[in-house]
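Readers should treat all values here as calculations from the given coordinates under stated rules, not as data from a laboratory. This one's a predicted model, so the numbers in the text were calculated from it and none came from an experiment. Methodologically, a virtual Cβ is constructed for each residue, glycine included, from the backbone with ideal geometry; neighbour enumeration extends over all protein chains shown.
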Amino acid sequence: MIWWVMITLGLVVVCDAVLRVLYARLMLPRFETKPIFQAPRVAPNPRAEAIAFSTSHHLTLRGSLHFPEQCPPRAVVLFCPELDGSHWTASEYCRGLLEAGFAVLSFDFRNQGESDHQANYEPLHWPTAFEAEDVSAALGYLDSRADLAALPRGVMGISRGGQVALWMASVEPRFRAVCCEGAYDSESLQLYFTLRWGSLYLPAWMYRICPAWHYRGTLWLVRRLSELRRGVHYLSIGSGLREIREQGVLLITGERDNYVHPEIAAGLRDQMKRTDRDFWVVPRAKHNQARQMNPVEYDRRVSDFFLRHLRVERPSPTFEKMEVA
């Protein structure tokens with residue numbers, strides 16, 4: 001009798017493995033399809049300093065360094081733009097930081113904008129170790145600048161850039177604060193949309209009885225197949241979020257964000273054991289459009305957040321008059 005049980009269990013395991021592979025291959029094209037984003041187009045800032053630095057793969061990344069107009073910088077924030085977004089978007093997202101006396105370093109990731117292109121690599125909305133390497137190269141550039149190397153540091157990211165920013169904050173303690181808009185964990189976002197649209201791939205009865213852990217296993221297989229096919233390593237910030245303990249965190253999400261639903265951002269908050277003070281849902285805002293909906297409040301919250309956690313003071317309103325005198 002026990003042999004029949006073992007044989008039956010073995011057949012179930014084999015059938016389950018075969019089905020996982022079949023469904024993983026079926027889902028792979030959708031996983032690797034880039035959503036249609038409408039990244040904002042911002043005119044170049046003539047006052048910004050053009051910069052360039054190299055990665056460990058000998059690619060040249062290009063960007064801009066923005067300084068406050070009225071005073072020397074008191075701290076520096078590294079800005080990570082969204083997928084297909086230009087480094088010039090820092091002029092908009094970080095306007096409040098510049099007015100509060102921060103320097104902002106922004107750059108185009110590889111294969112994006114003005115930076116060099118790496119052969120056989122197409123960036124998707126799922127960040128990889130290549131993007132993390134790009135941020136490490138930007139940190140190296142900051143270290144090489146005598147005027148910036150000793151300043152307190154923070155990091156800010158938008159959408160995919162937000163996930164990269166969270167990843168870097170988990171491994172780089174010199175980032176004292178991290179602010180993200182529209183950020184997500186790839187695994188959680190993938191699971192969210194699988195549970196939402198799973199009935200397109202599974203019979204209704206199977207979809208209802210299949211546990212979440214089973215979906216996670218199949219989705220892991222999808223990511224692994226994609227990594228092997230594309231020659232990349234996707235970032236997974238799930239476990240790394242627990243390492244963001246000492247740093248300040250501000251998560252911003254749009255109430256009407258259809259790409260990264262607010263509950264995805266709330267999941268990031270819960271994994272880091274943060275409070276509602278670290279979480280801002282912007283009414284009526286869509287994906288990456290929080291500042292468009294409420295620019296005054298956006299600039300105030302972002303600048304106050306970095307001022308508090310980088311432990312610097314807002315420039316005195318009399319500073320310019322003193323300089324002129």
What is the number of the single condition among (1) within 20 Å of the chain's Cα centre (by Cα); (2) surrounded by 15 or more Cβ atoms within 10 Å (Cβ to Cβ) that E122 does not meet? (2)
Checked pairs for the stretch 230-241, first of a type in the set (G, A, S), second part of a loop (DSSP other than H, G, I, E, B), C-beta under 9 Å and 6 or more apart or across chains, list as G231/N120; G231/Y121; S236/D185; G238/D185
Which pairs have Cβ atoms under 8 Å, sit 6 or more apart or on different chains, and link a residue in the stretch 27-53 that is within 12 Å of H87 (Cβ to Cβ) to one that is surrounded by fewer than 15 Cβ atoms within 10 Å (Cβ to Cβ) and of a type outside the set (D, E, K, R)? A52/T60
Within the stretch 250-270, restricting to residues that are under 28 Å from P152 (Cα atoms) and without any contact (Cβ under 8 Å) to a residue 60 or more places away in the chain, the one that is surrounded by the fewest Cβ atoms within 10 Å (Cβ to Cβ) is D270
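Name every residue in the stretch 145-172 that is within 21 Å of E313 (Cα to Cα) and crowded, with 24+ Cβ neighbours inside 10 Å, in order of residue number. Reasoning before the result, please.
First pass over the stretch 145-172, keeping only residues within 21 Å of E313 (Cα to Cα): 147-156.
Matches in the stretch 145-172: G154, V155, M156.
Could you please find all residues in the stretch 127-169 being touching a Lys or Arg at 6+ places or on another chain (Cβ under 8 Å) and small (G, A, S)? Quick ask: steps written out before the conclusion?
Step one: filter the stretch 127-169 for residues touching a Lys or Arg at 6+ places or on another chain (Cβ under 8 Å), giving 127, 130-131, 134, 139, 142, 151-154.
Within the stretch 127-169, just G154 meets the criteria.
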Report yes if G182 is in contact with an Asp or Glu (Cβ under 7 Å, 6 or more places away or on another chain) and in contact (Cβ under 8 Å) with a residue 24 or more places away in the chain, otherwise no. yes
Cβ-Cβ under 9 Å, sequence separation 6+ or interchain: first residue in the stretch 135-149 and closer than 22 Å to C71 by Cα, partner acidic (D, E) and surrounded by fewer than 19 Cβ atoms within 10 Å (Cβ to Cβ). Which pairs? A149/D143
